[in-house]
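Any read-out appearing in this document is the output of simple, stated calculations on the displayed coordinates, not a laboratory observation. The structure displayed is predicted, hence computed values, not measured ones. Cβ coordinates were reconstructed from backbone atoms using ideal geometry, including for glycine residues, and neighbour counts include every protein chain displayed.
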Amino acid sequence: MAPLEAHEPAILESAVPDKIEILALVGRALSWDPASADFPPADEALELARVFTAYGRIVANDLSVAIAGMPSDSPDGRRAQTTLSEASRRLGLMPLGPTVAPRMAAQRAQNLARLVQALNRAVGHIGEAQVHPVPTSDEHQGAAPTAQAPSAQRSATRHSP
């Protein structure tokens with residue numbers, strides 16, 4: 001069993017394209033016109049749905065970890081949690097079978113493509129919020145530290161830049 005476990009990461013890495021490849025596939029899936037009768041073959045759309053699902057699970061996991069490091073009252077964290085909840089629902093759907101109609105397969109791939117976009121946006125927003133945190137109302141308005149003892153206030157004043 002050990003030799004198989006040693007090869008699993010390599011199999012996973014080769015099965016899931018990198019972000020640039022995914023974004024190209026997302027663009028391809030979203031270029032299909034849902035109003036037309038001309039859809040790609042079902043097997044092509046199902047393959048894209050499979051790839052988007054695999055990639056989406058990876059990004060959703062990364063987002064979950066990032067959210068865990070956010071304050072619970074963070075607006076960015078709450079928005080990301082909403083995206084993560086939707087991702088959990090969509091990524092948990094049963095895969096469509098090989099006899100599905102091309103339109104339905106294309107719609108599934110497009111919905112998952114939009115989900116991948118939303119997950120990537122959420123990860124970006126969380127990363128940005130962690131790099132540039134929004135100041136709290138006390139920090140923003142320059143309020144004096146009134147809850148500290150006078151000696152703590154003097155110490156804070158001496159040691160602040």
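Placing dummy labels 7 Å off each Cα toward the beta-carbon, the span from residue 88 to residue 57 is 1.6 nm.
Treating r as the C-beta distance of residue 47 and residue 117 and R0 as 30 Å, the FRET efficiency rounds to 0.95. Site pair residue 68 and residue 104 shows an inter-label distance of 3.7 nm when each label is modelled 7 Å from Cα along Cα→Cβ.
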